[in-house]
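Below: one structure, written as structure tokens.
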Amino acid sequence: MVGREHAMRKLGVSYASEVDTMKNGRWQEAIGTFEDLNIYQTDSYGAERYGEKNVSHLVVKRDNRVIAAAQCGIVKPPIIRSGVAHVRWGPLWKGKDGLVDPENFRQAIRALRNEYTCRRGLLLRVYPNLFEDEAGDCAEILQEEGYSPWRIGERDRTLVIDLERSLQELRSGMSKRWRHHLNRAEQSSLDLVEGSEDGLFEEFMPVYREMLDIKGIAESTDITRFRRAQKRLPEEWKMRVFLCRTGGKACAGIIGSAMGRIGITMFRATNAEGRKCEAAYLVHWRALQWLKGQGCKGYDMDGINPVTNPGTYQYKSGLCGRNGRDVQFLGQFENCEGEFTGAFVRTGERFLRSYRSARQGKVMKKVRASFAGVRGWR
């Protein structure tokens, strides 16, 4: 303990950090001042993802003003004191007032290391909400502050659409094929509904599960967590559910969030009926219009992988067209001051990955068996 605390670094002059002092809505008030705000840094999401007792909030102040903030989800096995502190899409440090000072980022990641690595003895993993082409000196700062890349060569890649363009420009800039499908969908007898109420989540779920079954993907608990988090979120931060119906039943849907400068969609699904009438194109176009209308400057399309998922890549790149860019995230970084902690966590993660891989293999066998008699199934 003494050795770890000895490794702590003092914050800069006029900077100070506070941990778990933001109670009774103060966290919401604090993070609302940042343009890189996102749903993963809300206490609503944190409580559902990690449990309220396993969430910690850190703020950095300069001259008594909050200039950075980070929500940390802490995962610790029973009995053993070591564990992991996760910061997803944080710290927040880009102010809505236009203040983007890399020194604020430096002080934030220094304070995170001091608290969760040096003081608590955890392995700290930080996933900044930064695209590589906009990161400036942040990668160098992370290295200087003692962080190292995690999973080198596995950085996430996505498409970001420029929503500062007019709707006419966005439509003309999409691929000819994507625009053709959209035109067909608009001429179909589809009903488009949207809102933030739980009933729309409930209606989306069967479409989502059908899509997972067809693709042979084990259902993630994430969508359930997001649904529960929705009930906790303040009205202005609630996710938006968009559904297309045919014959009175949902056939396609998408769920999006427009909290910061960059809007995102987290879940998309289309069933067999929806594919017949091109419903995915209509509902996605409406979601994009909503993100733009909420003031988002960009739309992060939630990841691409042309190698492992070429069909989804083709679909997303068609909507993006000439309106955006293909980017990589800066990546995930970690810091750990104890060799035992790092070794223990990584061993546990290898075991968990093996378990999930084996479980996914069993799911695929069941899917192949159930579709064995369907023509064209591979």
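Would the range 119-132 turn up any residue that is in the same structural domain as THR33 (by TED's automatic domain parsing), under 16 Å from ALA16 (Cβ atoms) and either part of a loop (DSSP other than H, G, I, E, B) or not acidic (Asp, Glu) (or both)?
We begin by selecting, within the range 119-132, every residue in the same structural domain as THR33 (by TED's automatic domain parsing); these are 119-132.
Next cut, under 16 Å from ALA16 (Cβ atoms) only: 119.
Cutting the leftovers down to either part of a loop (DSSP other than H, G, I, E, B) or not acidic (Asp, Glu) (or both) gives us 119.
Checked against the condition, which is being in the same structural domain as THR33 (by TED's automatic domain parsing), under 16 Å from ALA16 (Cβ atoms) and either part of a loop (DSSP other than H, G, I, E, B) or not acidic (Asp, Glu) (or both), the range 119-132 yields at least one hit.
Name every residue in the range 114-128 that is surrounded by fewer than 24 Cβ atoms within 10 Å (Cβ to Cβ) and within 22 Å of the chain's Cα centre (by Cα), in order of residue number.
ARG125, TYR127
Among THR308, THR347, which is the only one that is within 30 Å of PRO78 (Cα to Cα), modelled with pLDDT under 95 and surrounded by fewer than 11 Cβ atoms within 10 Å (Cβ to Cβ)?
From the options THR308, THR347, the qualifying one is THR347.
Among the residues of the range 143-157, what is the count of those that are within 16 Å of CYS336 (Cα to Cα) and part of a loop (DSSP other than H, G, I, E, B)?
4
Among the residues of the range 178-201, are any free of Cβ contacts under 8 Å to residues at least 40 places away in the same chain, assigned to a helix (DSSP H, G or I) and charged (D, E, K, R)?
Yes, that holds for at least one residue.
Under 6 Å between Cβ atoms, which residue pairs at least 6 apart in sequence (or on different chains) link something in the range 44-69 that is over 30 Å from THR224 (Cα atoms) with a partner that is part of a helix (DSSP H, G or I) and of a type outside the set (Ser, Thr, Tyr)?
Between residues of the range 44-69 that are over 30 Å from THR224 (Cα atoms) and residues that are part of a helix (DSSP H, G or I) and of a type outside the set (Ser, Thr, Tyr), the close pairs are VAL60/GLN107; VAL60/ALA108; VAL60/ALA111; VAL66/ALA30; ILE67/ASN104.
Could you check, for the range 193-206, whether at least one of its residues is under 25 Å from TYR313 (Cβ atoms), surrounded by fewer than 17 Cβ atoms within 10 Å (Cβ to Cβ) and in the same structural domain as CYS277 (by TED's automatic domain parsing)?
Checked the range 193-206: no residue is under 25 Å from TYR313 (Cβ atoms), surrounded by fewer than 17 Cβ atoms within 10 Å (Cβ to Cβ) and in the same structural domain as CYS277 (by TED's automatic domain parsing).
Looking at (1) outside any strand (DSSP E or B); (2) crowded, with 24+ Cβ neighbours inside 10 Å, which is the only condition GLU236 fails?
(2)
Is it the case, given these coordinates, that GLU144 is exposed (fewer than 15 other Cβ atoms within 10 Å of the Cβ) and more than 26 Å from ARG286 (Cα to Cα)?
On the way: exposed (fewer than 15 other Cβ atoms within 10 Å of the Cβ): yes; more than 26 Å from ARG286 (Cα to Cα): yes.
Yes: the conditions hold for GLU144.
One line per residue, one yes/no per condition, for (1) among the charged types (D, E, K, R); (2) within 17 Å of the chain's Cα centre (by Cα); (3) over 29 Å from SER189 (Cβ atoms):
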| residue | (1), (2), (3) |
| --- | --- |
| ARG232 | yes, no, yes |
| TRP237 | no, yes, yes |
| PHE242 | no, no, no |
| ARG245 | yes, no, no |
| GLY248 | no, no, no |
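Taking the range 90-111 as the region of interest, how many residues are in a loop (DSSP other than H, G, I, E, B) and within 18 Å of the chain's Cα centre (by Cα)?
Quick first cut of the range 90-111, residues in a loop (DSSP other than H, G, I, E, B) only: 90-91, 93-94, 96-101.
Then keep just the ones that are within 18 Å of the chain's Cα centre (by Cα); that gives 90-91, 93-94.
So the count comes out to 4.
Can you pull out every residue in the range 75-109 that is of a type in the set (Lys, Arg) and more than 11 Å from LEU130 (Cβ to Cβ)?
LYS76, ARG81, ARG88, LYS96, ARG106, listed by residue number.
Are there any pairs with C-beta distances below 6 angstrom linking a residue in the range 108-121 that is over 12 Å from VAL84 (Cα atoms) and in contact (Cβ under 8 Å) with a residue 24 or more places away in the chain to a residue that is of a type in the set (Asp, Glu) and in a helix (DSSP H, G or I), with the two at least 6 apart or on different chains, and if so which?
CYS118/GLU5
Where in the range 266-339 are the helices (runs of 4 or more DSSP H), entirely inside, with at least 3 residues that are among the aromatic types (Phe, Trp, Tyr) and in contact (Cβ under 8 Å) with a residue 12 or more places away in the chain?
279-293
Inspect all residues belonging to the range 135-145 and state whether any of them is closer than 28 Å to GLY318 by Cβ and in contact (Cβ under 8 Å) with a residue 12 or more places away in the chain.
Yes, the conditions are met somewhere in the range 135-145.
State all residues of the range 147-183 that are of a type in the set (Val, Ile, Thr) and exposed (fewer than 15 other Cβ atoms within 10 Å of the Cβ); if no residue qualifies, say none. Please lay out each step first, then the result.
Applying the first criterion (of a type in the set (Val, Ile, Thr)) to the range 147-183 yields 152, 158, 160-161.
Result: ILE152, single match.
Could you run through the range 214-233 and say how many residues are buried (at least 19 other Cβ atoms within 10 Å of the Cβ) and not aliphatic (A, V, I, L, M)?
3
The values are calculated or read from the model by the stated rules, or taken from the named source; none is laboratory data. Quantities reported herein were computed from a predicted structural model and do not represent experimental measurements. Every residue, glycine among them, receives a Cβ derived from its backbone with ideal geometry; neighbour counts consider all protein chains shown.
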